[in-house]
1. For region 22-47, what are the residues that are within 13 Å of the ligand (Cβ to nearest atom), of a type outside the set (A, V, I, L, M) and not in a helix (DSSP H, G or I)?
2. Note down all Cβ pairs under 6 Å where the first residue falls in region 28-40 and is without any contact (Cβ under 8 Å) to a residue 60 or more places away in the chain, the second is part of a loop (DSSP other than H, G, I, E, B) and buried (at least 16 other Cβ atoms within 10 Å of the Cβ), and they're at least six residues apart or on different chains.
Amino acid sequence: MSRPSTPSRNRNACPLCGKPTVAPHTPFCSQGCRDRDLLAWLGEGYRVPGPPADPDAYESDADGLDSPAPRPL
Ligand SMILES: [Zn+2]
């Protein structure tokens with residue numbers, strides 16, 4: 001049942017490069033791969049799906065005559 005040398009599809013392999021994971025960097029193999037994954041996540045995060053908030057649209061609406069804007073204190 002035990003296969004000594006099968007490095008393919010190891011559960012404890014780095015998802016980025018496939019190297020064996022190292023304890024302090026789990027589930028990655030190194031700080032470098034951690035950073036790469038983090039940057040990838042941040043990159044995804046910056047691209048927020050959906051229309052971006054348009055302050056001009058809100059301001060023009062608040063400045064409209066038919067919608068009383070709440071008075072800020
Ligand atoms: Zn790695």
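The values are calculated or read from the model by the stated rules, or taken from the named source; none is laboratory data. Computed from a predicted model, the values in this text were never measured in an experiment. With ideal geometry, Cβ positions are generated from the backbone for all residues, glycine too; neighbour counts draw on all protein chains shown.
1. Selection gives Thr26, Pro27, Phe28, Cys29, Ser30.
2. These pairs meet every condition: Phe28/Cys14; Cys29/Cys14; Cys29/Thr21; Cys33/Cys14; Cys33/Leu16; Arg34/Phe28; Arg36/Leu16.
Condition check ((1) modelled with pLDDT of 60 or more; (2) touching an Asp or Glu at 6+ places or on another chain (Cβ under 7 Å)) across all residues:
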{"residue": "Pro24", "(1), (2)": "yes, no"}
{"residue": "Ser60", "(1), (2)": "no, no"}
{"residue": "Asp63", "(1), (2)": "no, no"}
{"residue": "Ser67", "(1), (2)": "yes, yes"}
